[in-house]
Amino acid sequence: MTVEEAITLVESVLDYQSLNKVQELVFRQSWDGLSYIEIAKSAGYDSDYIKDAGAKLWKQLSEAFGEKVKKDNIQSVLKRYTRRHKVNLQRNLTIEVNLSGANLSGANLNGARVVANFIETDLSQADYKGAIAPDDNTASSEEFTDIEDEQNQETQAGSENEINWNGFRLHSDAQVKIAEILDRTSTLFIPNSQLRLTTPAGRQNQQADFLIFHQNKLGILKIDSGSSHPNATEDEMCQLFIDSGISLVKHYDATRCSEQPDLVVQEFLEILSHVQA
């Protein structure tokens with residue numbers, strides 16, 4: 001994480017309240033490991049003034065991040081925060097998805113890289129200024145190809161046990177329960193979305209149990225069956241989604257989704273609402 005990314009993250013956690021000149025000075029040079037005396041000397045301030053400004057800044061950040069923030073632990077605090085919330089520090093989104101019939105009224109797609117089928121999609125008031133098409137950069141990785149093949153096989157197997165829910169084909173009771181709660185909360189979502197993104201193995205399809213639009217952010221809620229749990233390769237795939245611009249990718253156990261769907265959706269939306277847009 002660069003200091004520029006760190007400042008962007010800090011200001012987003014502070015509800016987009018910008019750091020003032022002295023706060024930014026203290027933050028930047030503390031990030032580089034300078035002492036208060038060195039910071040004061042480099043900028044022509046009194047060292048006690050800089051120390052006091054720093055103490056107030058760390059106190060403010062401690063309250064915002066929910067843990068003790070000090071001059072010498074700011075980098076580790078931000079790293080933990082990004083891992084915990086899977087914060088996206090990049091603002092470009094590469095996604096291909098069928099949004100036929102979806103209502104994106106008011107959705108902010110500014111800076112997104114989108115390839116989608118928008119047939120009958122309501123884009124009234126949607127902000128898609130700066131949206132660009134994805135490139136075709138590719139690399140090679142058998143692991144990511146294997147994930148795509150497994151997902152295709154799961155989709156084919158799931159088609160034998162499909163559940164018709166409001167015109168959507170859902171694959172399990174857990175999906176139905178989550179869909180019902182999302183619907184009840186008037187959340188914009190697309191179940192069983194096929195997303196197209198760039199992986200080390202090239203352009204591939206990946207399935208998301210639920211692609212969720214909330215407060216101008218995109219999140220993916222994935223349901224893990226009893227025999228399927230995230231592994232290292234799956235974690236890497238989730239990170240690819242994050243790096244491509246998805247704000248949050250979170251896995252939930254199928255049993256919990258079936259038994260506590262309201263709590264699952266509440267938790268997911270709460271985390272998504274606090275993730276950097």
Query raised in the report: Mind listing the phi-derived Karplus ³J(HN,Hα) values for region 61-73, rounded to whole Hz, using 6.51, -1.76 and 1.60 with θ = phi - 60°, and x for any glycine or proline?
Result: 6, 4, 5, 6, 8, x, 8, 5, 10, 10, 4, 9, 10
Query raised in the report: To the nearest 10 Å², what's Asp32's accessible area with a 1.4 Å probe?
Result: 110
**Report entry** Potential lengthening between Asp46 and Gln266 on full extension [0.36 nm per residue; Cα-Cα distance subtracted]
**Finding:** 74.4 nm
Report summary line: Lys and Arg at +1, Asp and Glu at -1: neighbours of Ser47 with Cβ under 13 Å from its Cβ sum to -2
Query raised in the report: Whose amide H sits under 5 Å from the amide H of His214, counting only residues 5 or more places off or on another chain, with H placed in the peptide plane?
Result: Gly219
Query raised in the report: Around Asn20, what is the net charge, scoring Lys/Arg as +1 and Asp/Glu as -1 over all other residues with Cβ under 13 Å from its Cβ?
Result: +1
**Report entry** 3J(HN,Hα) from dihedral phi, region 249-266, Karplus parametrisation 6.51/-1.76/1.60, rounded to Hz, x for glycine, proline
**Finding:** 10, 9, 9, 9, 5, 4, 5, 5, 5, 6, 8, 9, x, 5, 5, 4, 5, 4
Query raised in the report: Given the Cα-Cα distance of Glu259 and Thr187 and 0.36 nm per residue of separation, how much length would full extension add, in nm?
Result: 23.9 nm
Report task. May I ask you to rank Met1, Met237 by accessible area, largest first, using a 1.4 Å probe over the protein chains only? Result -> Met1, Met237
Requested in this report: First select every other residue whose beta carbon is under 10 angstrom from the beta carbon of Ser172; then total the charges, Lys and Arg +1, Asp and Glu -1.
Outcome: -2
Query raised in the report: What lysines could a cross-link reach from Lys71, if we take a straight Cα to Cα line under 22 Å and drop same-chain neighbours fewer than 8 places away?
Result: Lys21, Lys41, Lys51, Lys56, Lys59, Lys79
Report task. Please give the length that would be gained between Asp235 and Glu67 if that part of the chain were fully extended, namely 0.36 nm times their separation in residues minus their C-alpha to C-alpha distance (nm, one decimal). Result -> 57.9 nm
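The values are calculated or read from the model by the stated rules, or taken from the named source; none is laboratory data. No experiment lies behind these values; they were computed from the predicted model shown. Neighbour counts run over all protein chains shown; Cβ positions are idealised from the backbone, glycine included. Protein only, heavy atoms only, side chains kept; ligands, DNA and RNA dropped before computing areas. Shrake-Rupley method; radii C 1.70, N 1.55, O 1.52, S 1.80 Å.
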